[in-house]
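Presented below is the structure to which this report refers.
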Amino acid sequence: MSFTTRSTKKHHDRVEFPLNCSVAALQGKKCPNKYPSVFEPDESSTETCPDYFRWIHQDLQQWKTSGITEDMIERGKASAHFRLVIVGGNVYVEKYTRPYQTRDVFTKWGILQLLRLYPGKVPDLDLLFYSGDETKIMRSNYQGPNSTLAPPLFHYCGSEETLDIVFPDWTFWGWAEVNIMPWEDMLRAIKKGRKRTKWEQREPYAFWKGNPHVAKNRLDLMKCNLSDQYDWNVRLYYKNWSKVVDEGFNNSKLEDQCTYRSMVPMQHYWPIRRQDKCRDLKFAVEWGNNHTQQAQDIGKAGSKFIEEILTMRNVYDYMFHLLNEYSKLLKYKPTVPSKARRICVESTACKQKGVWKEFLFQSLVKSPSNKPPCELPPPYEPQAIQASMDKIENIDKQVEKWGNVYWNKLNDTNQ
């Protein structure tokens, strides 16, 4: 006789805690505290996190020796949109300047979901967050014997020249203003959209649609568009988001962009130089059109990475380890700032309307995880980082060499 014990089925019977915005459910409280506060997973064994989690150590390396002090936080306020403090599992926010659209709302919502996924596991912490497009904390401003210590600033973007601490993008929980759904729903839609047109039947052009006026590189990119003088094999579309909203996003669904050939060659992308965009783009498209199987294989590899590695579970685990490692650097005990207000899922979502409320409800974590976070791998060895950078540089040079051969042949043909 075979049977299944109650303990092995426990995770199938986990209690869900949906969001209820009714007056009766809230009982006159903005944050009714009806969610579990202790993490009790069914499984004890854990798996190792994906290799890219190692970059958490690198992003926090700047403060490994000095630690993070309250003075650093105070000096960083001028660069931040808001300050977020977690004390005893509760989240408090102090706002400084108004961010663009509702990026801050969805970012804070993501952190609230992390606390629901792993209740009681996220330590007390105190952080600053910037939700704009450009990086803020320049590395060069904090180098030299007389320089001050850099303030820690969380942000969606990072670069070799800056010290911004990279945090998952707000769009994982939705970008309501442009109708981009929460990631799990968006990924399903992209998979469906990808099947509408076979690879061989897709438009043989590089494709981009967006607002070019938010960055110099985007404006420069528009020079590569189709003109009476030249065709760079690129189709660029200026997107007036105000008009798109009025039209109900009929021609701007992300999943509908899959009729164009994806430019992610080599492994997951094809390197394009900033200073020679048009020529590099034309060659990239020509290479893809003449090496369709290789281009398709690379496109599939990129899709597989997104579908299997960039899961919401990994997003939350990355957040958990980043915040956990960050909290270890604090040289003081976090306390609630006098001007901060507590936020929770009810106070955040219940007051929203339309698609904003819809996306928040769609991305709600309804019950604690049945297993612990993945195990954070150790930092990269310096030689491993250098080897990785050398490999990328060599690939870039190889692609540049291919491009030079292509253009030399084309020039000889036209003479």
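For residue 96, the conditions (1) open to solvent by less than 30 Å² (accessible area, probe 1.4 Å); (2) in contact with a Lys or Arg (Cβ under 7 Å, 6 or more places away or on another chain) all hold with the exception of (1). Taking the conditions (1) in contact with an Asp or Glu (Cβ under 9 Å, 6 or more places away or on another chain); (2) assigned to a strand (DSSP E or B) in turn, residue 190 satisfies each one other than (2). Taking residue 89 as the residue in question, decide whether it is on the phi > 0 side of the Ramachandran plot, in contact (Cβ under 8 Å) with a residue 40 or more places away in the chain and in contact with a Ser or Thr (Cβ under 7 Å, 6 or more places away or on another chain). Criteria met by residue 89. Out of the residues in region 285-322 meeting the condition of being small (Gly, Ala, Ser) and under 26 Å from the mean Cα position of the chain (by Cα), tell me which one is farthest from residue 114 (Cα to Cα). Ranking the qualifying residues of region 285-322, first place goes to 295.
Of all residues in region 326-341, which are within 25 Å of the chain's Cα centre (by Cα) and open to solvent by 30 Å² or more (accessible area, probe 1.4 Å)?
So in region 326-341, the residues within 25 Å of the chain's Cα centre (by Cα) come out as 326-330.
Correct list: 328 only.
Looking at region 193-211, which of the residues that are part of a helix (DSSP H, G or I) and open to solvent by less than 60 Å² (accessible area, probe 1.4 Å) is farthest from residue 226 (Cα to Cα)? Before the answer, list the steps.
To start, the set of residues in region 193-211 that are part of a helix (DSSP H, G or I) comprises 193-194, 199-201.
Add one more test, that the residue is open to solvent by less than 60 Å² (accessible area, probe 1.4 Å), and what stays is 193, 199.
Numbers: 193: 26, 199: 23 Å.
The qualifying residue farthest from residue 226 (Cα to Cα) is 193.
Limited to region 161-183, what total is found for residues that are out of contact with any helix residue (DSSP H, G or I) (no Cβ under 8 Å at 6 or more places or on another chain) and surrounded by fewer than 19 Cβ atoms within 10 Å (Cβ to Cβ)? Spell out how you get there, then give the answer.
Of the residues in region 161-183, the ones out of contact with any helix residue (DSSP H, G or I) (no Cβ under 8 Å at 6 or more places or on another chain) are 164, 169.
Now narrow it down to the ones that are surrounded by fewer than 19 Cβ atoms within 10 Å (Cβ to Cβ): 169.
Of the residues in that region, 1 qualify.
Considering region 359-383 alone, what residues qualify as being assigned to a helix (DSSP H, G or I) and either open to solvent by 30 Å² or more (accessible area, probe 1.4 Å) or not assigned by the TED database to the domain that holds residue 42 (or both)?
Scanning region 359-383 gives 361, 362, 382, 383.
The set of residues in region 156-177 that are in a helix (DSSP H, G or I) and under 19 Å from residue 318 (Cβ atoms) comprises 170, 171, 172, 173.
The values are calculated or read from the model by the stated rules, or taken from the named source; none is laboratory data. All of these numbers come straight from a predicted model, not from anything done at the bench. Backbone-built Cβ (ideal geometry, glycine too); neighbour counts: all protein chains shown. Ligands, DNA and RNA are stripped out before the accessible areas are found, and what is left, the full protein with its side chains, is counted by its heavy atoms. Shrake-Rupley method; radii C 1.70, N 1.55, O 1.52, S 1.80 Å.
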